[in-house]
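Student: Before I ask anything, here is the structure I am working with.
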Amino acid sequence: MNATDLFPKSLFAGKTVFVTGGGSGINLGIAKNFAALGAKLGICGRSQERLDGAAVELRALGATVFTASLDVRDYPALEAALSRCKAELGTLDVLVCGAAGNFPAAAEKMSANAFKAVVDIDLLGSYNASRAAFPHLREQGGCIIFISAGQAFTPYANQAHVGAAKAGIDMLMKDLAVEWGKHGIRCNSIVPGPIENTEGFRRLGRGALGDKLTETIPLRRFGNVDDIGGCAVFLASPLASYVTGTVLVADGGQNLLGSGVWASIAAQTT
Ligand code: HXC
Ligand code: NAP
């Protein structure tokens, strides 16, 4: 059962949702949930080819789509894209900050630039998008959804760069919730667990471990993009109109066991 089966198809009619990194994976899954519920979509990422493919999928769901090829580390590019999106689609109501980069690397082995690259894409990119969206969101109120990760609050080996970036995102989210609440802008984070068929899972899920990793998850299954899309729909919907500054963890309970279980299974099988 998905959000698109439960909510009226017009839930986001007349609203525009802009998703950074919306050309693939979890972020595209989120965009598709909004498209199926009547929203217009703006998506950005570096690869125009990827955005074009995503736009075909979103238009097939009935959405009007705006795409912008850009790097979220480039503030002027984001500012220009959000203004063009607003001008073309008429309004900007929801921003999803999903663009991110990740690779496993030991803290003492990665270069300073490797650490910086991830912090710049994830944390600075989320700030850039929020800052550039602010003048549009404040016009009628709206919401920002940050895509965080369990690394923000559970320490994992080989994830120092990601943990720092995602923890920063969750604190940024809370600070903006405090500052921008008076403008009717709600800010929340979603923490996805291991989501199957995504680039992040391929990079960190250590494909060879396969289904054994479900032992690290109390609900005993990997997540799917609609599990996260449903959370985003809820947070952007009127059902969450009094919800701001919160971290919504959608990980099948994985964080409750810490990273030790994951690490020991990885050690047994690699
Ligand atoms: C060590 C690495 C590395 C690796 C890159 N670097 N890959 N270091 N191990 N595997 C280093 C480079 O040598 C360089 O340092 C620095 O990082 C920047 O590399 P660039 O290639 O110039 O960076 P850039 O082109 O900006 O690419 C960013 C990237 C890349 C993060 C490195 O992987 C990327 O674009 N990823 C986007 C897609 C992605 O990662 N999706 C997964 C998101 S999942 P030097 O010193 O040589 O200059 C996620 C959480 C998942 O975020 C949680 C799952 C459970
Ligand atoms: P993904 O498909 O690789 O998504 C990342 C997206 O961000 C891509 O579309 C990528 O497109 C874009 N992007 C990367 N760097 C960018 C930059 N500098 N500027 C603009 N766009 C950029 O990976 P995913 O696994 O679905 O991850 C999506 C989100 O979920 C991320 O925030 C990730 O941290 C989070 N997450 C994922 C998991 C998981 O299990 N997969 C778990 C926890 C959290 P381009 O390369 O074309 O730019």
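The values are calculated or read from the model by the stated rules, or taken from the named source; none is laboratory data. Remember, it's a predicted structure, so these values are computed and weren't measured experimentally. Ideal geometry is used to build each Cβ from the backbone, glycine not excepted, and the neighbour counts take in all protein chains shown.
Student: Do you know which residues across segment 123-155 are within 10 Å of ligand 1 (Cβ to nearest atom) and either part of a strand (DSSP E or B) or surrounded by fewer than 18 Cβ atoms within 10 Å (Cβ to Cβ) (or both)?
Tutor: ILE147
Student: Yes or no: segment 168-175 includes at least one residue that is aliphatic (A, V, I, L, M) and within 13 Å of ligand 1 (Cβ to nearest atom).
Tutor: The answer is yes, given that some residue of segment 168-175 is aliphatic (A, V, I, L, M) and within 13 Å of ligand 1 (Cβ to nearest atom).
Student: Let me ask you something else. Being over 22 Å from PHE234 (Cα atoms), charged (D, E, K, R) and near ligand 1 (Cβ under 8 Å from one of its atoms): is that true of LYS86 here?
Tutor: no
Residue-wise test of (1) over 26 Å from ALA77 (Cβ atoms); (2) out of contact with any strand residue (DSSP E or B) (no Cβ under 6 Å at 6 or more places or on another chain); (3) of a type outside the set (Phe, Trp, Tyr); (4) not in a strand (DSSP E or B).
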| position | (1), (2), (3), (4) |
| --- | --- |
| THR4 | yes, yes, yes, yes |
| PRO8 | yes, yes, yes, yes |
| ALA13 | yes, yes, yes, yes |
| LEU28 | no, yes, yes, yes |
| ALA31 | no, no, yes, yes |
| GLY42 | no, no, yes, no |
| ARG50 | no, yes, yes, yes |
| ALA55 | no, no, yes, yes |
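Student: Now for a separate question. What number of residues within segment 94-122 are in a helix (DSSP H, G or I), of a type in the set (A, V, I, L, M, F, W, C) and away from ligand 2 (no atom under 11 Å from the Cβ)?
Tutor: Within segment 94-122, residues that are in a helix (DSSP H, G or I), of a type in the set (A, V, I, L, M, F, W, C) and away from ligand 2 (no atom under 11 Å from the Cβ) number 4.
Student: Within segment 15-26, restricting attention to residues that are part of a loop (DSSP other than H, G, I, E, B) and either under 12 Å from the mean Cα position of the chain (by Cα) or within 16 Å of ligand 1 (Cβ to nearest atom) (or both), which residue is farthest from LEU95 (Cα to Cα)?
Tutor: Checking each candidate, the answer is SER24.
Student: Take the residues in segment 178-206 that are under 23 Å from LEU28 (Cβ atoms) and surrounded by fewer than 17 Cβ atoms within 10 Å (Cβ to Cβ), then tell me which one is farthest from ligand 1 (Cβ to nearest atom).
Tutor: Among those that are under 23 Å from LEU28 (Cβ atoms) and surrounded by fewer than 17 Cβ atoms within 10 Å (Cβ to Cβ), it is ASN197.
Student: Run SER10 past the list (1) more than 19 Å from the chain's Cα centre (by Cα); (2) modelled with pLDDT under 95 and report the number of the one that doesn't hold.
Tutor: (2)
Student: Here are some conditions: (1) hydroxyl-bearing (Ser, Thr, Tyr); (2) farther than 26 Å from GLU139 by Cβ; (3) within 16 Å of ligand 1 (Cβ to nearest atom). TYR75 meets all but one. Which one does it not meet?
Tutor: So the condition that TYR75 fails would be (2).
Student: Answer with yes or no whether ALA81 is crowded, with 20+ Cβ neighbours inside 10 Å and modelled with pLDDT of 95 or more.
Tutor: yes
Let's see how each residue does on (1) closer than 11 Å to VAL233 by Cβ; (2) surrounded by fewer than 24 Cβ atoms within 10 Å (Cβ to Cβ):
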site: ASN2; (1), (2): yes, yes
site: SER10; (1), (2): no, yes
site: ASN27; (1), (2): no, no
site: LYS40; (1), (2): no, no
site: ILE43; (1), (2): no, no
site: ASP52; (1), (2): no, yes
site: LEU58; (1), (2): no, no
site: PHE66; (1), (2): no, yes
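Student: Could you tell me how many of the residues in segment 69-93 are touching a Lys or Arg at 6+ places or on another chain (Cβ under 7 Å) and part of a helix (DSSP H, G or I)?
Tutor: Residues in segment 69-93 being touching a Lys or Arg at 6+ places or on another chain (Cβ under 7 Å) and part of a helix (DSSP H, G or I): 1 in total.
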